[in-house]
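Input: a single structure, listed below in structure tokens.
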Amino acid sequence: MTKRGLSTKAIHGGDERGGFTDIIPPIHRTAIFLHPTDVNIRGRELKYSREDNPTVYLLERRMMELEGGNDCLAFSSGMAAISTLILGTLSKDDVIVTSKEIYGATLQLFRFLEKFGIKVVAVLNEEVSNYVKQGVKMVFVETITNPLLKVSDIPNLVKICKEVGAILVVDNTFATPILARPLEMGADYVIESATKYLGGHNDVIAGILVGWNLNGIWDWRKNLGGCLDPFAAYLVLRGLKTLKLRVLEHCRNAEEVVKYLTSHKKVKKVYYPTLNHDYEMVRKFMDKFGGVVSFELENGEKAIKVLKSLKIIKRAPSLGGVESIMSHPATSSHKNLSKEEREELGISDGLLRLSVGLEDVNDIINDLDQALANI
């Protein structure tokens, strides 16, 4: 397998397909299997799709190859993957250090866990490494944060976590294994919301966990009931066939949009990893930075007006699909934070987040241009 790319085996399958001969993998749309039988997955007898399913297992084998681990589990959503990992790994009095700039629902989940005696230390993304010390059980970061697109210094976090014996979990949703492979850098687990770039078509909800020997987490998935549906697995498998092509084109389009926005007199600031102060550090382990661009206007009123003036770009709170999508973080992904909390994170009322799609980039820029002309 080539670095930061897809092997033919990972895209189209190989011996890991478990003996299937179909060019397009079948959807095993069944709740139960004949039992007893000599068919097994993970060394366990196949009997119930809540535990394992051949279509889901094929996706897991593909994602294991892509992320560079030796085991993978697929879940009904990215949040199901995160919650199952946390419940299967942490106990009362354990400490988790995380960034305040991770996905809002993830941070909310961590804070819910405090009622069970798990201590959560949440700090600004660039300060996470300063809080990793003896006694910390887990560190959870995102490769690229939302919505200000800060890139976590994963190699440094790997070094520090190994020194103190902490588990490092990286949410790789914005980067995908095309742009970064945290497991190859030394992380313990990688999370992906397959709803985003992996599926790539805004038609599936799914989550992926990749790591090393996930048998214990498999037990938690079985008992919590979060296994991915086989049809959803089929849709993600379909998306993986074009993942590299799509992600690289998203990057190219985003780079052109960044050039346009940075030169526009009505745009106060543009957020993209190539514009960050730590860009030289980031270049050591990443050379492209995804399809999400954020930019700031003078105030929230103008931001909402731009949002409502769009003709090609869709208004929605997700990302990573073929369609260009724009959201207003203050009233969507970060609406549950107080104004003071948003200000601490740098999320102003005038901030807009654009997931740059695969339309002709001139059409995307022209749509931005006509919308900005209205303010």
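The values are calculated or read from the model by the stated rules, or taken from the named source; none is laboratory data. No experiment lies behind these values; they were computed from the predicted model shown. Here the Cβ positions follow ideal geometry from the backbone for every residue, glycine too, while neighbour counts run over all protein chains shown.
Couple of notes before you dig in:
- 3 or more residues buried (at least 19 other Cβ atoms within 10 Å of the Cβ), under 20 Å from the mean Cα position of the chain (by Cα) and not assigned by TED's automatic domain parsing to the domain that holds MET63: qualifying helices (runs of 4 or more DSSP H) within region 243-350: 243-262
- Inter-residue pairs, beta-carbon under 7 Å, first at pLDDT below 85 and in region 333-348, second of a type in the set (Gly, Ala, Ser), 6+ apart: SER333/GLY104; SER333/SER327; HIS334/GLY104; ASN336/GLY104
- For the condition out of contact with any strand residue (DSSP E or B) (no Cβ under 8 Å at 6 or more places or on another chain), at pLDDT below 95 and assigned by TED's automatic domain parsing to the domain that holds SER193, GLY88 does not qualify.
- Residue check, GLY186 surrounded by fewer than 20 Cβ atoms within 10 Å (Cβ to Cβ) and touching a Pro at 6+ places or on another chain (Cβ under 8 Å): yes
- Selection status of ILE375, in a loop (DSSP other than H, G, I, E, B) and touching a residue at least 40 places away in the same chain (Cβ under 8 Å): yes
- Selection from region 138-172 of residues that are part of a strand (DSSP E or B) and surrounded by fewer than 18 Cβ atoms within 10 Å (Cβ to Cβ): none
- Residues of region 219-239 satisfying the condition of being aliphatic (A, V, I, L, M) and either outside the structural domain of GLU60 (by TED's automatic domain parsing) or part of a helix (DSSP H, G or I) (or both): LEU224, ALA232, ALA233, LEU235, VAL236, LEU237
- Single residue of ASP219, ASP229 found to be of a type in the set (Asp, Glu) and surrounded by fewer than 18 Cβ atoms within 10 Å (Cβ to Cβ): ASP219
- Residues that are more than 17 Å from TYR189 (Cα to Cα) and either touching a helix residue (DSSP H, G or I) at 6+ places or on another chain (Cβ under 8 Å) or of a type outside the set (Ser, Thr, Tyr) (or both), drawn from region 79-94: LYS92, ASP93, ASP94
- For region 48-78, residues that are out of contact with any helix residue (DSSP H, G or I) (no Cβ under 6 Å at 6 or more places or on another chain), of a type in the set (Gly, Ala, Ser) and surrounded by fewer than 20 Cβ atoms within 10 Å (Cβ to Cβ) total 2.
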